[in-house]
Amino acid sequence: MSVKAVFVGMPGSGKSTVGRNVARQLGTEFRDSDALIEETTGRTIPQIFEDGGESGFRDIEAAVIQEALDGYDGVLSLGGGAVLTESTRAALKGHPVFLIDVAPEELLRRVTKSRTVRPLLVDDPELRLRELREQREHLYREVARHTVSSDETPVAGVVAAVLEVLA
Ligand SMILES: Nc1ncnc2c1ncn2[C@@H]1O[C@H](COP(=O)(O)OP(=O)(O)O)[C@@H](O)[C@H]1O
Ligand SMILES: O=C(O)C1=C[C@@H](OP(=O)(O)O)[C@@H](O)[C@H](O)C1
Ligand SMILES: [Mg+2]
């Protein structure tokens, strides 16, 4: 028994949305690391960043992901920075990890429109997205077994592409 699909990629790429829909189509459980973090701590993501900074958040995130993967056979979406933690990258080895790839302009449109507060992007989303991509792109590529492009593809199309790989 092991996880059916894990989603990684930049903040705003659609991991939570696509993961939830893939799970629904497969008739399986869905977990999202950010939702699990909020459930287990009883705090919101922005509060956790305020209290413990990014490093405090990463520690909680890594622990939650380890636990979420243990004996799990559903779908799991990760937060965009989860791959920064080495133990998380190691835990993902051998699993069907999907990278959702989105061009910078479209990513900016999505995070600007989305209601989710992403503390790392609040100041200057365009600049921050560029910096985060530079830091992380190689890590996304390292952990991903499959890459699905989502630039102009509606959610249903991305979900269909994932299901085709899993079929
Ligand atoms: N393929 C897509 N096309 C258009 N908008 C999308 C697509 N996928 C996700 N979105 C939108 O982009 C925003 C960010 O999606 P979300 O699932 O929260 O991304 P992530 O979990 O990767 O940060 C949401 O408003 C969502 O509705
Ligand atoms: O990229 C990041 O470092 C983060 C992405 C967010 O998740 P999404 O990628 O689902 O937006 C959330 O985990 C937190 O705000 C930090
Ligand atoms: Mg998300």
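The values are calculated or read from the model by the stated rules, or taken from the named source; none is laboratory data. Please read all numbers here as calculations on a predicted model, not as lab measurements. FYI the Cβ positions are ideal-geometry reconstructions off the backbone, even for glycines, and counts take in every protein chain you see. SASA here: full protein model, heavy atoms, side chains in, ligands and nucleic acids out. Shrake-Rupley method; radii C 1.70, N 1.55, O 1.52, S 1.80 Å.
Numbers at a glance
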item	result
Quotient of Cα Rg and 2.2 N^0.38 Å for the range 1-71, N being how many residues it contains	1.17
11 Å beta-carbon shell around Val111, net charge (K/R +1, D/E -1)	+4
Surface per residue (accessible, 1.4 Å probe) for the chain, Å²	51 Å²
The range 112-166: C-alpha gyration tensor shape, a/c 1.5 cut-off, then a/b vs b/c	oblate
Cα-based convex hull volume of the range 5-166 per residue, rounded to whole Å³	106 Å³
Student exercise, the range 5-166 dipole from Lys, Arg, Asp, Glu Cβ charges, in Debye to nearest 20	340 debye
Most positive-pole-ward Cα, Gly74, Pro104, Ala90, against dipole of the range 35-133 from beta carbon charges	Pro104
Interchain or long-range residues, amide H under 5 Å from Asp101's placed H	Val148, Ser149, Ser150
Rounded to the nearest 10 Å², the accessible area of Arg89 at probe 1.4 Å	40 Å²
With every protein chain in place, the chain: carbon and sulfur % of accessible area (1.4 Å)	48 percent
Calculated [θ] (222 nm, deg cm²/dmol) that DSSP helices of n ≥ 4 give over the chain, each run adding -39,500 (n - 2.57)	-18000 deg cm²/dmol
Note, ³J(HN,Hα) from phi for the range 162-167, Karplus 6.51, -1.76, 1.60, rounded to Hz, x at Gly and Pro	5, 5, 5, 5, 7, 5
Stretchable slack from Val165 to Gln135, in nm (0.36 nm times residue separation minus alpha-carbon distance)	8.0 nm
Radius 9 Å from Cβ of Val143, net charge of other residues (Lys, Arg +1; Asp, Glu -1)	+3
Environment charge of Asp73, counting only residues whose C-beta is closer than 14 Å and scoring Lys/Arg +1, Asp/Glu -1	0
Accessible area (Å², 1.4 Å probe, nearest 10) - Glu142	110 Å²
